[in-house]
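A quick write-up on the structure given underneath.
No lab work stands behind these numbers, since they all come straight from the coordinates. All values reported here derive from a predicted model rather than from experimental measurement. Cβ placement follows ideal geometry from the backbone for every residue including glycine, while neighbour counts extend to all protein chains displayed.
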Amino acid sequence: MARINKNKVFQELDIQFDKLVKATKKDIYKKFGIEYDPKTGKILSPIGWIRPILINGNEKLGKGVYTLSILPTNKYFTVHINGEMILVKGSCPCHCEGCYATRGNYRYQSAIESLGRKTFLCYYHMDFVERAIMAQIEADKIHILRIHAAGDFFSLEYLEMWKRIIKNNPDTVFWTYTKMRDFETAFDEFENAN
């Protein structure tokens, strides 16, 4: 009877497990029709390679609470997309006095650029945004998601996108605040959203 080298078997299992884990995220994004680069952690969007749509935590919320933020207020912002300067309108119906999303880190051009690209994608490539969020929830095993640390629901179509995402992810808790009176009770039908 041949002797089995247990250490070698376990090493091979570890290698196979590592390959499986690394391939899983790429495979999940592929399932949603999105190219994922495991080396950079970026996804290929209609405007080029970007970081994933959702951000893991911030100073206030902490790690593990993912957020999507888009441009606040009703003002226009200059954003660089594919080497061009493009005006992108904020997502809110008004400019609320004292809005925290117009202060602090949100004032920096790098934050405006990041939020502007996401806002642009939400306005003009909503199907991609929906697939990217669904893929990221699955790939990163997201359990808590705050919709709009900055920004608001800018259309019924956008709200319906979020309803589909919430419905298809019953194990993720979603919460949001809105100034859009027509949408205040939009998520009441879902047990995993407020």
(request) Assuming R0 = 22 Å, can you tell me the calculated FRET efficiency for the pair residue 155 and residue 40, based on Cβ-Cβ distance, to the nearest 0.05? (result) 0.10
(request) Using a Förster distance of 25 angstrom, determine the FRET efficiency expected from the C-beta separation of residue 74 and residue 47, and round it to 0.05. (result) 0.65
(request) Subtract the Cα-Cα distance of residue 175 and residue 61 from 0.36 nm times their separation in residues, and report this length gain in nm to one decimal. (result) 39.8 nm
(request) Could you calculate the FRET efficiency of residue 110 with residue 188 from 1/(1 + (r/R0)^6), where r is the beta carbon distance between them and R0 is 30 Å, rounded to 0.05? (result) 0.25
(message) Check which residues have an amide H placed less than 5 Å from residue 42's amide H, if you skip close sequence neighbours.
(response) 37
(request) List every residue whose amide H lies under 5 Å from the amide H of residue 173, counting only residues 5 or more places away in sequence or on a different chain, with H placed 1.01 Å from N in the peptide plane. (result) 144, 145
(message) From the phi angles alone, apply the Karplus equation (6.51, -1.76, 1.60; θ = phi - 60°) to segment 76-91 and give each ³J(HN,Hα) in whole Hz, x where the residue is Gly or Pro.
(response) 9, 10, 8, 10, 8, 10, 6, x, 10, 8, 10, 7, 10, 7, x, 8
(request) Determine ³J(HN,Hα), in whole Hz, for all residues of segment 139-144 in sequence, where each value follows from phi through the Karplus function 6.51 cos²θ - 1.76 cosθ + 1.60 and θ = phi - 60°; x replaces Gly and Pro. (result) 5, 9, 6, 6, 10, 9
(request) Could you list which residues have their amide H under 5 Å from that of residue 89, counting only those 5 or more apart in sequence or on another chain, with H placed in the peptide plane? (result) 77
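Quick one: length gained pulling residue 84 to residue 27 fully straight, 0.36 nm per residue minus the C-alpha distance? Intermediate results must be reported in sequence, preceding the final value.
Working: separation 57, 0.36 × 57 = 20.52 nm, distance 3.21 nm.
Extending this stretch completely gives an extra 17.3 nm.
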